[in-house]
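Throughout, read-outs are computed from the coordinates displayed, never taken from laboratory work. Model, not experiment: these values are computed from the prediction. As a convention, Cβ positions derive from the backbone with ideal geometry for all residues, glycine included, and neighbour counts pool all protein chains shown.
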């Protein structure tokens, strides 16, 4: 079946540090891949997505590249801010399906 | 424009009571989804509606859970005879098309069963 594995948190970084949150997936075919973010007290928001191999999704300084050969979609940001503190979820949607399969989430705390 | 809205934002109930959770999708979105976010299980798919088609209920954890969508818009998730393990955040999402579009999530209903 489909599954998403992302690095366990929590992750604590100082402001302006480099961020990587690892995400790998198992799925048949060519799924679409997503990163969602949940800020404290708010609902899930789409951060970025990629729909085919080698695509790079980017938004708000975050990037992730769809790597078919390593079945990965790692999230990166060059310089985090306190306002990036949130829980980040990696997710996939198999082609022809509608269900999102989520990872367990990684809590990021950025300290000044 | 308006996003997905859910009500109530919080609900506290006693074990054994029934609860109803409401979702208003984004206007014009034909697909609607319910997910559950709990500490032990992460985010789980519950049910999916697409237009007038029969819903996919494959994610519902037990027959105490049911959902309906009236007029292709508003949806209600009902949990009968609530149990403590039903405590979770219930998230609703909608999308403009089934396979191609992104799902937009509401703020969720936080349910606590005492």
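Neighbour counts of C-beta atoms inside 10 Å place A:36, A:25, A:98 in the sequence A:98, A:25, A:36, starting with the fewest. As an equivalent ellipsoid, segment B:65-114 spans semi-axes of 25, 14, 8 angstrom, where each value is the square root of five times an eigenvalue of the C-alpha gyration tensor, largest first.
From the C-alpha coordinates alone, can you work out the Kirkwood hydrodynamic radius of segment B:2-114, in Å?
Details: mean 1/r = 0.0717 Å⁻¹.
For segment B:2-114, inverting the mean 1/r across all distinct Cα pairs yields 13.9 Å.
Return B:47, B:26 ranked ascending by Cβ neighbour count within 10 Å, so the fewest neighbours appear first. Before the final figure, lay out each step's value.
Working: B:47 21, B:26 17.
Taking fewest neighbouring Cβ atoms as first place, the list is B:26, B:47.
Dividing the Cα radius of gyration of segment A:32-112 by 2.2 N^0.38 Å, with N the residue count, gives 1.10. On a C-alpha basis, how far is the centre of segment B:1-48 from the centre of segment B:73-98 in Å? Whole number, if you could? When both Cα centres are located, 3 Å separates them. Distance from the alpha carbon centroid of segment A:42-85 to that of segment A:1-21 works out to 11 angstrom.
Here the scattering of the protein assembly as shown is modelled by Debye summation over its C-alpha atoms, one equal scatterer each and no solvent; at q = 0.07, 0.13 Å⁻¹ the log10 of I(q)/I(0) is -0.22, -0.77.
Counting alpha carbon pairs within less than 8 Å and at least 6 residues apart, what relative contact order, in whole percent, applies to segment A:10-109?
Working: 228 pairs, mean separation 35.4, N = 100.
Relative contact order, segment A:10-109: 35 percent.
When each of B:48, B:33 is scored by the number of other beta-carbon atoms lying within 10 Å, the sequence from fewest to most is B:48, B:33.
Counting only other chain Cβ atoms within 10 Å of each residue's Cβ, the peptide A:94-100 averages 5.
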